[in-house]
Amino acid sequence: IIGNQDESTLMVPAILYPVTPNCRLYTEEQFGPIIPIAPYDSLAEVITYAKDGKYGQQVSIFTSTSNHSHHSEESDKIVADLIDRFSTVFGKININSQCGRSPDTAPFSGRRSSAMGVMSVSHALSEFSIPTLVSYKE
């Protein structure tokens, strides 16, 4: 475990490794400055973990495709396949960036037991409003 050791108000995330199926953190949604790292042996294991879980707010996929010297058509296909499989599981898919809040103009959505529905400032206004149609004839 690596985490904040001083007395400042800045909270440095605690990095937990390895997080395994025996750990509560492996299956429970957590909030706070924690970076759980779960080792895996295959992408099939990652996909099964995602689909079998209860939560689906965000996922981050980190690749080497941003480094053009290692860029390949095969890695593009793997990322595209993960995006396709995760699009029904997670409300937001981050590529080469950590999970985080989007601008208010982007919808904020979740799947399954995580932040169900879609929200942004404009979506929230619509959600809490009652639409009315007014028709007239001259």
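Restricting segment 93-116 to residues that are in a loop (DSSP other than H, G, I, E, B), modelled with pLDDT under 75 and among the hydroxyl-bearing types (Ser, Thr, Tyr) leaves a set whose member that is surrounded by the fewest Cβ atoms within 10 Å (Cβ to Cβ) is THR105.
The residue that is modelled with the highest pLDDT, counting only those in segment 70-92 that are farther than 13 Å from ILE47 by Cβ and open to solvent by 90 Å² or more (accessible area, probe 1.4 Å), is LYS77.
A Cβ distance below 8 Å, combined with a sequence gap of six or more or placement on separate chains, defines the contacts here; from segment 1-28, residues that are part of a loop (DSSP other than H, G, I, E, B) reach residues that are at pLDDT 75 or above and charged (D, E, K, R) in the pairs THR27/LYS54.
When segment 31-51 is filtered for residues that are closer than 25 Å to ALA14 by Cβ, under 16 Å from the mean Cα position of the chain (by Cα) and modelled with pLDDT of 80 or more, the ones remaining, listed by number, are PRO33, ILE34, ILE35, PRO36, ILE37, ALA38, VAL46, TYR49, ALA50. In segment 14-24 there is no residue matching the filter, namely being at pLDDT below 75 and either open to solvent by less than 60 Å² (accessible area, probe 1.4 Å) or within 20 Å of GLY91 (Cβ to Cβ) (or both).
The values are calculated or read from the model by the stated rules, or taken from the named source; none is laboratory data. Please read these numbers as outputs of a predicted model, since none were measured by experiment. Every residue, glycine among them, receives a Cβ derived from its backbone with ideal geometry; neighbour counts consider all protein chains shown. All accessible areas refer to the heavy atoms of the entire protein, side chains included, with ligands and DNA or RNA removed. Shrake-Rupley method; radii C 1.70, N 1.55, O 1.52, S 1.80 Å.
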